[in-house]
Amino acid sequence: MIELVSAERCISCDKCIAVCPTNVFDRDTAGVPVISRQDDCQTCFQCEANCPVDALFVSPFVTPQPGVDEADLVRRGLLGSYRERIGWGRGRVAGSSTAIGPSLKPGTLPLIS
């Protein structure tokens, strides 16, 4: 279940809003997504997987977890950890939308084996 949106990390790209199949999010007055319908979350992890700056935490539990703390999630390496585990965003710096690594030459695609 979605547990946290980090207002500090969020860049208001709205990817989480766009991919959420159950419309869990709204925007606050600053334009940052907020969890408005947590009970509607299907724990699909699409919001966390698609967040380019690791601003979301989805718990594997299907009920809200008490005491979710952003600083503790950061310390434990859990904020945005699902994205890393599935191999999305390799070469990124945590909390940054900038990728690092070699550039591809125009017209070439990496080989997938």
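For region 22-51, filtered to residues that are open to solvent by 30 Å² or more (accessible area, probe 1.4 Å) and assigned to a strand (DSSP E or B), the residue that is nearest to residue 66 (Cα to Cα) is 35.
The set of residues from region 22-34 being in contact with a helix residue (DSSP H, G or I) (Cβ under 8 Å, 6 or more places away or on another chain) and modelled with pLDDT of 95 or more comprises 22, 23, 24, 25, 33. Against the test of being within 16 Å of the chain's Cα centre (by Cα), over 23 Å from residue 12 (Cα atoms), modelled with pLDDT under 85 and open to solvent by 70 Å² or more (accessible area, probe 1.4 Å), the options 85, 90 yield a single qualifying residue, 85. Assessment of region 29-40 against the conditions (in contact with a strand residue (DSSP E or B) (Cβ under 9 Å, 6 or more places away or on another chain) and within 13 Å of residue 82 (Cβ to Cβ)) yields no matching residue. Considering 34, 58, 53, the condition of being aliphatic (A, V, I, L, M), in contact with an Asp or Glu (Cβ under 7 Å, 6 or more places away or on another chain) and closer than 19 Å to residue 88 by Cβ is satisfied by 58 alone. When region 65-77 is limited to residues that are at pLDDT below 90 and open to solvent by less than 70 Å² (accessible area, probe 1.4 Å), the one that is nearest to residue 6 (Cα to Cα) turns out to be 77. Can residue 59 be described as open to solvent by less than 70 Å² (accessible area, probe 1.4 Å), closer than 18 Å to residue 84 by Cβ and among the polar types (S, T, N, Q)? Criteria met by residue 59. Considered as a group, the residues in region 52-64 that are assigned to a loop (DSSP other than H, G, I, E, B) and under 15 Å from the mean Cα position of the chain (by Cα) include one that is nearest to residue 2 (Cα to Cα), and that residue is 59.
Considering every residue within region 2-21, establish whether at least one is part of a loop (DSSP other than H, G, I, E, B), among the acidic types (Asp, Glu) and in contact with a helix residue (DSSP H, G or I) (Cβ under 9 Å, 6 or more places away or on another chain). For region 2-21, residues part of a loop (DSSP other than H, G, I, E, B), among the acidic types (Asp, Glu) and in contact with a helix residue (DSSP H, G or I) (Cβ under 9 Å, 6 or more places away or on another chain): present.
The values are calculated or read from the model by the stated rules, or taken from the named source; none is laboratory data. Keep in mind that what you see is a predicted model, and the values were worked out from it rather than measured. Note: ideal-geometry Cβ built from the backbone for every residue, glycine included; neighbour counts use all protein chains shown. Side chains are part of the model used for accessible areas, which takes the heavy atoms of the whole protein and leaves out ligands, DNA and RNA. Shrake-Rupley method; radii C 1.70, N 1.55, O 1.52, S 1.80 Å.
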